[in-house]
Amino acid sequence: MHCSWGAGIRAVLAAVLLPALAACQSSSGQTVNSVLSPCTSEQGPTDALCGRLKVFENRHARSGRTISLKIVVWPALSNDPKPDPLLFLAGGPGQGAAKLARQARELFASLQNQRDIVLVDQRGTGDSGPLECTSEDDSLASLNEPDETGLARLRRCLAGYDADPRFYTTPIAMDDLDEVRAHLGYERVNLYGGSYGTRAGLVYLRQHGDRVRTIVLDGVAPPDMRLPLNVPRDAQRAVDRLMADCAADEACAAKYPNLGERVRRLFARLDASPPTVRVVHPRRGVPETVTVDASLLANLVFGALYSPFTSSMVPELLVRAEQDDFQGMFALALATDANAGSVSVGMQLSVVCAEDAPRIPPGEMERVSAGTLFGHRLLTSQLKACEFWPRGELPADFYEPVRSDVPALILSGDVDPITPPAWGELVAGELRQATNLTAPFTGHGVVNTGCGQRIISDFIQHGDAEGLDTSCLASIKRPPFFLTPAGASAAATSGGGSR
């Protein structure tokens, strides 16, 4: 058991801590409140609990350099909370979960009524010895940084780390996480993983499955995904769906006829003769000169496809791009990359270079991406960095399917550009108590819809999918396409559905 406090925790903690702890010891003698303290404003939300746990960087040797893992816990609001919290696993790879504490609380607000919400910055991310490597250049031109510039920066960062990147792989990090679980006094946990967090969740399930009550995998990226091999193919699928939906929408088809063919001509022109244009920086209001080639446009479009709302602007922005007007495309890109700076690039490479890149044969990237708009333009610089990035060792069974009897909820967005439903279907076939759901007209992260939040909450509350009400999925519609700078026409808005 563990005890939790909600609002006003700072005021009442001193008065109730000692008697409360005597009543709610776990079998290990540890409790959340005995090892964490109310967060200061510098640490995190002041109505949450914060703390740290030191782990060895080299867990096998159990000596040498240590990493101080950052922990944030939103306490359950109930006076009689459930003993198994929700443990949130962030994406990326490279995002720090504790850094996303406020967003996580909003997404899982109904679960906090009965359960603690636990967030841990994985080693190498957030405030847990982050392996950061960001450019200080905030110009629009930096969005199309030459590979040699980025690789030189990565070499400098690598040389400056007080860390050994070989020890920042997913299996090692999941052993850290189980140590945190024990430190906090929880016997079992409910896992939610989104994007890369699904890989982390599956690895945790393999290594510590007896500690898992339920698992939710949202936007599945399994250990054998081989990032970024299939990204151009999966992104093309999302673009094709976007173009088909526009063609099937009377107003969109009339405003943007033959959009698919026009976009291919646009990319071909930018490949052959990229224009140099004047664009006002959307954040700084300063005019800049930027050369826009097909690779830059591909990355801008790819980012917009993550959300159906932002993708609804893409037809209008691509038609403007035909006239070399890229102002809106840059504005959308900078508006949707709020979390870009929160990704620890060094940790990301430690994962990708050890777990994915070794299984991509030479020439395979070109073969798989042939015929797509995105070609070799998405995330391929990672593979070049892996030529010199230190590579960690993996367990012999790392790429084997994870098999388990733990109740699992698998969620996929039907128009997700990077983890489409095929990945969820692949994993569902190996989890014996899996319920596999696809949310129509939904991008990356079903939890970003009200329907997804309700389904996740009900699944975790009941501990399985028996009787799970998924009827709200049928009410999800694609947001109306932007037909003017201000949005959709009145006629188009009338058809919008519930999310």
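The values are calculated or read from the model by the stated rules, or taken from the named source; none is laboratory data. Bear in mind that the values here come from a model prediction, so they are computed numbers and not experimental data. Positions of Cβ are generated from backbone atoms using ideal geometry, with glycine treated the same way; all protein chains shown enter the neighbour counts. Only protein heavy atoms, including side chains, enter the accessible area calculation; ligands, DNA and RNA are left aside. Shrake-Rupley method; radii C 1.70, N 1.55, O 1.52, S 1.80 Å.
Considering the conditions (1) open to solvent by 10 Å² or more (accessible area, probe 1.4 Å); (2) more than 21 Å from the chain's Cα centre (by Cα), residue 487 is excluded by exactly one of them, (1). Looking across the stretch 345-377 at every residue that is part of a loop (DSSP other than H, G, I, E, B) and surrounded by 20 or more Cβ atoms within 10 Å (Cβ to Cβ), the one that is modelled with the highest pLDDT is identified as 356. Within the stretch 131-183, the set of residues being closer than 30 Å to residue 208 by Cβ and either in contact with a Pro (Cβ under 7 Å, 6 or more places away or on another chain) or assigned to a loop (DSSP other than H, G, I, E, B) (or both) comprises 131, 132, 161, 162, 163, 164, 165, 166, 168, 169, 171. Going by the conditions given, is residue 411 under 26 Å from residue 226 (Cα atoms), in contact (Cβ under 8 Å) with a residue 12 or more places away in the chain and surrounded by 19 or more Cβ atoms within 10 Å (Cβ to Cβ)? Considered against the rule, which asks whether it is under 26 Å from residue 226 (Cα atoms), in contact (Cβ under 8 Å) with a residue 12 or more places away in the chain and surrounded by 19 or more Cβ atoms within 10 Å (Cβ to Cβ), residue 411 comes out as yes. Scanning the stretch 247-296 for residues that are among the small types (Gly, Ala, Ser) and closer than 25 Å to residue 334 by Cα, we see that the one that is nearest to the chain's Cα centre (by Cα) is 295.
Within the stretch 174-193, at least one residue is hydroxyl-bearing (Ser, Thr, Tyr) and in contact (Cβ under 8 Å) with a residue 12 or more places away in the chain.
Which of the residues belonging to the stretch 97-130 are within 30 Å of residue 288 (Cβ to Cβ) and assigned to a loop (DSSP other than H, G, I, E, B)? Selection gives 130 alone.
Of all the listed residues (263, 220), the sole one being part of a loop (DSSP other than H, G, I, E, B), open to solvent by less than 40 Å² (accessible area, probe 1.4 Å) and among the β-branched types (Val, Ile, Thr) is 220. If we keep just the residues of the stretch 266-320 that are basic (Lys, Arg) and assigned to a loop (DSSP other than H, G, I, E, B), which is farthest from residue 238 (Cα to Cα)? The extreme case among them is 284. When residue 256 is tested against (1) out of contact with any Pro (no Cβ under 6 Å at 6 or more places or on another chain); (2) modelled with pLDDT of 95 or more; (3) under 18 Å from residue 238 (Cβ atoms), only condition (1) is not met. Residues in the stretch 184-195 that are outside any strand (DSSP E or B) and open to solvent by less than 10 Å² (accessible area, probe 1.4 Å) were compared, and the one that is nearest to residue 411 (Cα to Cα) is 186.
Take residue 270 and decide whether it is open to solvent by less than 20 Å² (accessible area, probe 1.4 Å) and at pLDDT 95 or above. Here the answer is yes, as residue 270 does meet what is asked.
Residue count for the stretch 392-442, restricted to those that are part of a strand (DSSP E or B), of a type outside the set (S, T, N, Q) and over 18 Å from residue 238 (Cβ atoms): 6.
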